[in-house]
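Let me begin by presenting the structure, written as structure tokens, before commenting on it.
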Amino acid sequence: MDAKHPFARLEPARIVAAVESLGLWLPGEPFALNSYENRVYLIHDEERRRWVVKFYRPERWSDEQIQEEHTFLAELKDAGVAVAAPWQDEAGRTLHHAEGFRFALFPQLPGQAPELENPAHLFALGELIGATHAVGERSAFVHRGRMDLDGMVLEARERVLSGSWLDRQQRRAYERVAGLLHDALQPHAWSMEQTIRVHGDCHIGNILGRDDAFALVDFDDCLTAPAIQDLWMLLTAQHDAEWQMQLSEVMEGYEQHRDFDRKELALIEPLRTLRLMRHSAWLVARWQDPAFPPAFPWLADAGYWDGHIRMLEQQRQVLDKAPRWLA
């Protein structure tokens, strides 16, 4: 890793020293887990307890924003929602500091990702997210971000265009389709009254469990957004009958804890569009982190950007049509 990057200093000895400064003793070395935004490691202590230690990316979040993540997790845990709430020391602190890094310690939650074609899993996931949102709507974030459809699309567009990733033809095509998408998304903006505290990045990689008992992990992107933000990525079927089955099971589980406004289903394709644009912009923004080029080498290929532009064009056509589930 490039010695100039802050994470370059996170060698095993420094990780162990940081954790042991909290009063734990680690008989072995940390094992790096698959994480790019932060650095995350699996460890075990002298009592054979397994922990996940997360070192936050410097300068991404303020201490206040991280603390709101931890406070939300504590609220969820106290309400009986299956989450990994951060460990706290005798003074009640969950955010810790060592040699310029901020880090937190979480109990490891074992398990596997759910099967989105399994009705029992879908019901359980809906129930889990419904319980999360029932807590999320009780109060509001002060420091965490808000999902802003217009602002986030423009930010992603400018991030991509600010570099030299696109050739002249690609740049013209990207500018055109991104502008059309921005215009097409305007009618889908939501009001603040339609938003609550949500997980924010609720894909199956952040859901772990077995049978029909699951837990939510990694609240690093929690924010204020419409409830559908935590649900739409579970609806993966390509055929209408299968999609309706997924929706029915998820909604039945969700509404064990909280009513869901079906009008929010109209936000699924706008949110998918936003995610597509933001993902490429995120890769561009993180390219100077030496972990990214070997993990995402195709980003530097012209073929990737041709495919991305085609995907955005297809998404523009989808936005022009009435949603199939509302027709």
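Of all residue pairs spaced 6 or more apart or on separate chains, those with beta-carbon atoms under 6 Å, a first member in the stretch 34-46 that is closer than 30 Å to residue 278 by Cα and in contact (Cβ under 8 Å) with a residue 40 or more places away in the chain and a second member that is charged (D, E, K, R) and part of a loop (DSSP other than H, G, I, E, B) are 37/57; 38/57. Here the condition is being in a loop (DSSP other than H, G, I, E, B), among the aromatic types (Phe, Trp, Tyr) and surrounded by fewer than 15 Cβ atoms within 10 Å (Cβ to Cβ); of 61, 25, it holds for 25 alone.
Here's the yes/no breakdown for (1) of a type in the set (Lys, Arg); (2) outside the structural domain of residue 38 (by TED's automatic domain parsing); (3) touching a Cys at 6+ places or on another chain (Cβ under 9 Å); (4) farther than 26 Å from residue 56 by Cβ:
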| residue | (1), (2), (3), (4) |
| --- | --- |
| 146 | yes, yes, no, no |
| 159 | yes, yes, no, no |
| 185 | no, yes, no, yes |
| 192 | no, yes, no, yes |
| 208 | no, yes, no, no |
| 235 | no, yes, no, yes |
| 249 | no, yes, no, yes |
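Of all residues in the stretch 139-160, those satisfying the criterion of being surrounded by 16 or more Cβ atoms within 10 Å (Cβ to Cβ) and within 18 Å of residue 284 (Cβ to Cβ) are 152, 153, 156, 157, 159, 160.
Restricting the first member to the stretch 289-301 and to residues that are within 16 Å of residue 37 (Cβ to Cβ), and the second to residues that are in a helix (DSSP H, G or I), the beta-carbon pairs closer than 6 Å and six or more apart or on different chains are 296/283; 299/283. What is the residue count in the stretch 60-99 for residues that are among the aliphatic types (A, V, I, L, M) and in contact with a Ser or Thr (Cβ under 7 Å, 6 or more places away or on another chain)? The total comes to 3. Filtering the stretch 94-134 to residues that are crowded, with 21+ Cβ neighbours inside 10 Å and part of a loop (DSSP other than H, G, I, E, B) leaves only 114. Taking the stretch 1-31 as the range and being out of contact with any Pro (no Cβ under 9 Å at 6 or more places or on another chain) and among the small types (Gly, Ala, Ser) as the test, the residues that pass are 3, 13, 17, 18, 21, 23, 28.
A single member of 215, 156, 184 is under 18 Å from the mean Cα position of the chain (by Cα) and part of a helix (DSSP H, G or I), and it is 156.
The values are calculated or read from the model by the stated rules, or taken from the named source; none is laboratory data. No experiment lies behind these values; they were computed from the predicted model shown. Using ideal geometry, Cβ is built from the backbone for each residue, glycine included, and neighbour counts are taken over all protein chains shown.
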